[in-house]
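Reading through the structure tokens given below for one structure.
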Amino acid sequence: MFHLAFLVPLFPLIGSIVNGFFGLRIGKKAVGWVACGTVAFSFLVTLLMLGQLLFTPAEERLFEQTLFTWMAAGDFNAAFGFQIDPLSMVMMMVVTGVGFLIHVYSIGYMHDEYSYYRFFAYLNLFMFSMLLLVMGNNFLMMFIGWEGVGLCSYFLIGYYFEKKSACDAGTKAFVMNRVGDFAFLLAIMYIFYLFGTIDYTEVFHAAPEKLILGAEPVTIITLLLFVGATGKSAQIPLYTWLPDAMEGPTPVSALIHAATMVTAGVYMVVRCSVLFNMAPFSMSVVAFIGGGTAIFAATIGMTQFDIKRVLAYSTVSQIGYMFLACGVGAYTAAIFHLVTHAFFKACLFLGSGSVIHGLHGEQDMRKMGDLKKHQPVTYITFLISTLAIAGIFPLSGFFSKDEILYHALMDGNTILWGMGVTGALLTAFYMFRLVFMTFWGESRVDPHVHPHESPKVMTLPLVILAGLAAFGGLLGIPLVHGWHALHNWLEPVLHFDMASTLEHSKHLLHEVGRHAPHWEALLIEPEENIWIEISLMLLSLTVALTGIAGAYFCYVKKPGLPDELIKGQWGYDLVKNKYEVDEFYDATFVEPTIQGSLLLWKKGDAQGIDGAVNGVAQILGWCGQQARVVQSGFVRNYALFMVLGFIMLLFIMFF
Amino acid sequence: MEHIPSPTVDLVSLAPVLVLSVFAMMVLLVDLYVKRDKTLVIFISLVGLLMTAISAFAKFDLPVHSFNDSYVVDELSVFFIMIFTLSSALAILLSIDYNKREGIRMGEYYSLILLCTVGMILLASSTDMIMIFLGIEIVSICLYVLAGIRRSDPKSNEAALKYFLLGAFATGFLLYGMTLVYGATGTTKLGLIAELIREEQIASKPLMLMGIVLLIIGFGFKVASVPFHMWAPDVYHGAPTPVTAFMAVGPKAAAFAAFFRVFAEAMPVLSPSWESLLCIVAVLSMFIGNVGAIMQTNIKRLLAYSSVSHVGYILIAVIAKNSLGSSSLVFYMLAYAFMIFGAFGIVILIGRKENEMLEIADYSGLAYKHPLMAISMSVFLLSLGGMPPLAGFVAKFYIFSAAIKEGFVTLVVLAVLNSVISFYYYLKVIVYMYMKEPEGEFQISLAPMTVFVVVIAMVGTAGLGIFPDPILYFTQH
Amino acid sequence: MELLIFYPIGTLCVFLALGVVLNKSPIGSAMCLIGMMLGLAAVFAIQHAHFIAILQVIIYAGAIMVLFMFVIMLLNLKGDDTVWKTREGNTLLTGLGAVLVVGILYKMTEITGGGEFDSPTPIQETFGTTVKVGTTLFTDFVLPFEVASILLLAAMIGAVVLAKSKMDD
Amino acid sequence: MESTVPLSHYLVLSTTLFVIGVLGVLVRRNAIVVFMCIEIMLNAVNISLIAFDRYMNLHTGQVFSFMVMCVAAAEVSVGLAIIISIFRNKPTVNLDEFNIMKW
């Protein structure tokens, strides 16, 4: 069955070509069928391969298919080939499965668009690139997919090109991604320079023998890789493009900017786990950037009113969790969270899309409210996913987030753990704020708009995704190791023999006459302690409930207050006092937080990062102005510059 | 009376030059008898190029040195002849419809392109500085005339004049450089020079170094590297578009071939002294080319500046000076030929008689009126920027890995950084095509030959990107 | 003998070259250039390069300069008074460039005057004769010689294409 | 053999003329005069070529300078043709007036 691997990316490519070239001619219905059909076929093939992989002994679960030699130059060799192993299988399942549901959803959501075919052509092209990314068997293949998904994302963000903001957002995304790509490409070059190959199997096999644990080369490689990952996965400091990317159609936000593409960075780090394991410094960088992003984005999420932006910051925050997990060496937990996040976040985005669809394009939560009456299916699915992301037992997010927190604590780093817990609290708070503002309370909907439930083609994917979000946690039940299906599944890929690597590094260092640093700490394996785990679970459940309660207090209780004031004159004083309590609360807790995060958002985000981007643009513009003076159009001047260049070269040569 | 010994002549290795010269003259003659319709002339030119390409394989057991070491047939030159014939054929195909539209009815046009190709072949196959000098002059003189062939167009005039004066100026420097190298070594044969340098028998090292600096200026001008690039945007802008495409590929490739032979093959031992100079020129070319391109609103000027930045990348191949360097140089030029001809093909297709539609704003909304055209233009531009899996990426990666192998890490980092920057302006064009409302009407008549060129270029760009291996294999053996 | 001829003629050539640059009228420049070329022919002659000296007179002074004069007359060019008046700002650069070029090239000649060549190899009787140059040309450099014909052909076609009076385009 | 001029003096003459040519290109605006200055540069190179020949007792330099003359002739014919063809459209040879394309 594995020899069919090439079909998986091929189907979406065919779909993209058919829709791109003949989309206008074959009509909307056919476009939808082609787009979904091709992805469905990919999904089926993936399922077949999953079946076969399950029946293969665990140690032999690695299949490589080389279609042809892509580049062979000197001793450099890169194949156009695919690799099927447990890790890529997980990613393929997520990409094709969630991708298929979102494709189906898009049929309904994009139904009234003029350039329907264009949307599906891009979307299929995206699927193709993403599958190349996760299936490639070498770094260059990953890079092809990496660039391809970036390009598709760019096109899809700028899909509503009539809006200037959409074009700007697309450009911003592309430019920021390019910064990351730059680092990634350099990392590939460096890997080639060190190993003479860029094939995963060969590199990861050779790494423990060739590299010294914690030495510069491996640290540089991993840091470069991680910079690449921050660009694609929207981490500090390259995250600002993701909230802006919400200018794109909502299915795109769900597929690309929540479930699949933005997690490519996590996939890459996990794929290179061997290298990261050998670079403790990089690991802590990954962990702290991840944890920092988790909190930072969450605080911003609390202040947003655009429904999709809240979700976008939430995505940034959740991916931060995944990196936090990678950073503490809990790669399984990272992938676990990646999978569950794909389920619930796709569902949340699609749900928000359903809300927006029902409100005819309204995205401001201040103009929503009480939608649970009008959109029951959307509401239920949304609520399930929100409970999942908030980490309520027994939904999927609970297990995956808890596993990350557990590993962070077990790693011995309480700061990281604290970051995680704070993030969990904030997540629960702002996600329920979202739910309460949108579905509960008084309706603030524009009276001219009549909210309605979305068609079946849109709600069905929602229901399936909500189901997955609810039960996806069964993939990794903690407590007993044998129950953790995902862990067992990924174990062969992530296996890393720290002890022998350490020995080897010591040996290598010894040969050049240097002393090995104290590495023994790396060898300590945390003991499994079921009681700690259970108490942690209870703690995080408490934390999540606290967050929800807080949201309930602020956004369900408080909005009703003004009405009560007007109605109940007799209880004015009391209400006033209560109001003062609220004021006090606002002044001491909510307001500083809001102000603080607004400040962070405005200064850190708008001025810091955007300022840097704009600054570069300004410098380039200034250079251009100078170029105008130089490139004056006069032959005489051109000759003069040739002579000056000559003099410059002479000076360098002789002085 | 002293008897003159008969010279060593090997006409077989000279076959491509002879064939092409004969065809060039045939074109001239036939042109005398056909007045209006140039189909026959074009046909003969294309047949000539085909025959030339075939005759390049007349020699086995490469390399063959002939004419007292002034001419060589080796893998590099054979491959370059392929690039030249290909680019000239594409240029002629592009010209057919363009010339009809713009009213260029001179048969000499085709003959000049063929003669220019002869010059390029000579340039790429010469191992004697006198021959290199003559080759460069043949190429340049043909190009001066081709740039100014639209005599009634002030822009074309200006392009010819600027190119000519600066070109002749640069020739002076190049010639002086060659003279000093001759003075320092006592020979003009590159093979001998290499030997003398290796055995440290140069009469005067400062003289040699001075010569090297002057040579860099001369070659630097021909390939349009900073700071000797300033003619390029103006000339590319003013010359007829097919000539611009031609100029950006063939002659540049030929100059690079000579550049490589003189520096990497004849003077590798002296590399410590010229490496740093070329590194500076390369880095400057990348940066200034990119910055210049960002500011442009005219597509031809944008492509001109982008070609300056590409010169920066290609120079890395010369600096790397290993065998990987030469094959990556060849591969890059081939990939570049496809991308450039494709992009200029689209530029020609979009133009019309009264309005050549050269402003980038003229491309607004192209994707909605002519999606296929927009897609191909995007592919060419993205390939120029180095997007995998297109030809441009493979070519860049290949050059960079050649340089990495020699340890030029900083240079490669800067080059990668630049290829990142370059996306900014390629993307600008794509943004106009995909994300702007159409401003005016496109009146595009799909001229069959130009479309043919674009299709070939498309196949080449995508094919070299996805299946580069056969060509890579060929460049290395 | 060589000394006696070289220094005065060399100085004269430099002055004539300056004359080309500084003369306001193109005709004057052209006359100076002819003078300089003849002077150089003499410089070649004292170095025993008789063949080249003759060619210098015939090709440069004879053919090329006649062409120059012809075009100047054809276009009926008068002297321009924009000789030194360059655009503001550029004057400074030009001056700077000039100083540097002179300085550096002078330095270069200092380097080359290092003594490697100061005593010439004794030359043979036949040095510079037509026979000897011709022999070299037709044995070692037969290819450049033939290729030069392609160059001239290209130049000829080019000149005709650009300068023919009937515009058929 | 009579006392000879050292090679470096020939080179000084050559360099001086070359620099005068370069400066001429930089400062003159008349296209034809600029072109003449380029001819000065080529001539200057010829001096070096012949001088090297003489001092090394070779003939290569003379062949080279022969080719230089050839090239000069070709360039002159094309260059003057360009100037004539331009003159038809715009009767001036002042280079500063050819400034349509810039930046």
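The values are calculated or read from the model by the stated rules, or taken from the named source; none is laboratory data. As the structure is a computational prediction, the values presented were derived from the model and not from experiment. A quick note on method: Cβ atoms are made from the backbone with ideal geometry, for glycine too, and the neighbour counts reach across all protein chains shown. Keep in mind that these areas ignore ligands, DNA and RNA; they rest on the heavy atoms of the full protein, side chains included. Shrake-Rupley method; radii C 1.70, N 1.55, O 1.52, S 1.80 Å.
Would you kindly calculate the translational diffusion coefficient of chain B, applying Stokes-Einstein with the Kirkwood radius from alpha carbon pairs, for 4 °C and a viscosity of 1.567 mPa s, and quote it in µm² s⁻¹ without decimals? Using the Kirkwood radius from Cα pairs, D works out to 58 µm²/s. Taking amide H as placed 1.01 Å from N in the peptide plane, the amide H of residue A:66 sits under 5 Å from that of A:82, each at least 5 places away or on another chain.
As a check on your grasp of the helix formula, calculate [θ] at 222 nm for chain A: sum -39500 (n - 2.57) over DSSP H runs of n ≥ 4, divide by the residue count, round to the nearest 500.
About -23500 deg cm²/dmol.
Exceedance of the 26 Å cut-off in Cα-Cα distance is limited, within the set B:353/D:102; A:29/A:164; B:162/C:24; B:222/C:132, to A:29/A:164; B:222/C:132.
Just the number, please: Stokes-Einstein D of region A:180-261 in µm²/s, Kirkwood Rh from C-alpha pairs, 4 °C, 1.567 mPa s. The Stokes-Einstein estimate is 90 µm²/s.
The residue among A:343, C:67, B:402 whose Cα reaches farthest toward the positive pole of the charge dipole of the protein assembly as shown, with charges on the beta-carbon of Lys, Arg, Asp and Glu, is C:67. For region A:83-158, chymotrypsin sites (Phe, Trp or Tyr not before Pro) meeting the loop criterion (DSSP other than H, G, I, E, B) and having at most 12 other Cβ atoms within 10 Å: A:114. Applying the Karplus relation 6.51 cos²θ - 1.76 cosθ + 1.60 with θ = phi - 60° to region A:314-325 yields 3J(HN,Hα) values of 5, 4, 4, 5, 5, 5, x, 4, 4, 5, 4, 5 Hz, where x marks Gly and Pro.
Based on Cα atoms of region B:246-353, Rg over Rh with Rh as the Kirkwood radius reads 1.04. As a size descriptor, the averaged projected area of the C-alpha convex hull of region B:311-462 was calculated at 8.9 nm².
Secondary-structure-derived ellipticity at 222 nm for chain B, considering helices only, amounts to -25000 deg cm²/dmol, per-run term -39500 (n - 2.57) for DSSP H runs with n ≥ 4. Each of the peptides A:380-387, B:16-23, A:254-261 was scored by the mean count of other Cβ atoms within 10 Å over its residues; in descending order, highest first, they stand as A:254-261, A:380-387, B:16-23. Peptides B:89-102, A:498-511, B:298-311 ranked from most to least packed, by the mean per-residue count of other Cβ atoms within 10 Å: B:298-311, B:89-102, A:498-511.
In Å², rounded to the nearest 100, what is the total accessible surface buried by chains D and C against each other with a 1.4 Å probe?
7000 Å²
With Cα atoms as the point set, region B:362-411 shows a radius of gyration and Dmax of 15.6, 49 Å. Normalised by residue number, the volume inside the convex hull of the Cα atoms of region A:374-417 is 59 Å³ per residue.
Beyond 26 Å between alpha-carbons counts as too far, so tell me which of A:345/B:369; A:163/A:456; A:172/B:405; C:78/D:90; B:35/B:252; A:345/A:373 fall in that bin. Distance filter (> 26 Å) returns A:345/B:369; A:163/A:456; A:172/B:405; B:35/B:252.
Residue-wise HN-Hα couplings along region A:264-280, as the Karplus relation 6.51 cos²θ - 1.76 cosθ + 1.60 with θ = phi - 60° gives them from phi, are 4, x, 5, 4, 4, 5, 5, 4, 8, 4, 4, 5, 5, 4, 8, 10, x Hz; Gly and Pro carry x. Each principal axis of the Cα atoms in chain D has its own extent, and those three values, largest first, are 59, 25, 24 angstrom. Computed over the Cα atoms, what is the radius of gyration of region B:202-264 divided by 2.2 N^0.38 Å, N being its residue count? Compactness ratio reported: 1.34. What's the percent breakdown of Cα-Cα distances in chain A across 10 Å bins, shortest bin first? Going from the shortest bin to the longest, the percentages are 3, 15, 25, 25, 17, 9, 4, 2, 0, 0.
For region A:79-126, with all protein chains in place and a probe radius of 1.4 Å, 66% of the accessible heavy-atom surface sits on carbon or sulfur. Taken along its principal axes, the alpha carbon cloud of region B:127-240 reaches lengths of 55, 24, 16 Å, longest axis first.
Could you sort B:271-279, C:154-162 so that the peptide with the highest average Cβ count within 10 Å comes first and the rest follow in order?
C:154-162, B:271-279
Taking amide H positions as modeled 1.01 Å from N, with prolines and chain starts lacking one, the residues under 5 Å from residue A:136 and 5 or more places away or on another chain are A:83.
Taking the three principal axes of the alpha carbon atoms in region C:126-169, the coordinate ranges are 53, 18, 8 Å, sorted in descending order. Within 10 Å of the Cβ of each residue in B:385-395, the mean number of Cβ atoms contributed by other protein chains is 4. Placing one equal scatterer on every Cα of the protein assembly as shown and applying the Debye formula, the log10 ratio I(q)/I(0) at q = 0.06, 0.07, 0.09 Å⁻¹ is -0.62, -0.80, -1.12.
For region C:1-78, the orientation-averaged shadow of the C-alpha convex hull comes to 4.8 nm² (one quarter of the hull surface).
Over region A:1-114, what portion of Cα pair distances is larger than 21 Å, expressed as a whole percent? Let's see the in-between values first.
Working: 3070 of 6441 pairs.
Across region A:1-114, Cα pairs with separations above 21 Å total 48 percent.
Of the GluC sites (Glu not before Pro) found in region A:140-219, the ones in coil according to DSSP and having at most 15 other Cβ atoms within 10 Å of their Cβ are A:162.
The string of couplings for region B:292-302 from the Karplus curve (6.51, -1.76, 1.60, θ = phi - 60°) is x, 5, 4, 7, 7, 10, 9, 5, 5, 5, 4 Hz, one whole number per residue in order, with x for Gly and Pro. Within chain B, the cysteines lacking any other cysteine Cβ closer than 4.7 Å to their own Cβ are B:279.
Rg/Rh for region A:19-83 stands at 1.19; both radii use Cα atoms, and Rh follows the Kirkwood definition. Each 10 Å bin from 0 upward holds the following percent of the Cα-Cα pairs of region A:114-226: 14, 36, 27, 16, 7, 1. Residues whose amide H falls under 5 Å from that of residue B:67, counting only those 5 or more places apart or on a different chain, are B:10, with hydrogens built in the peptide plane.
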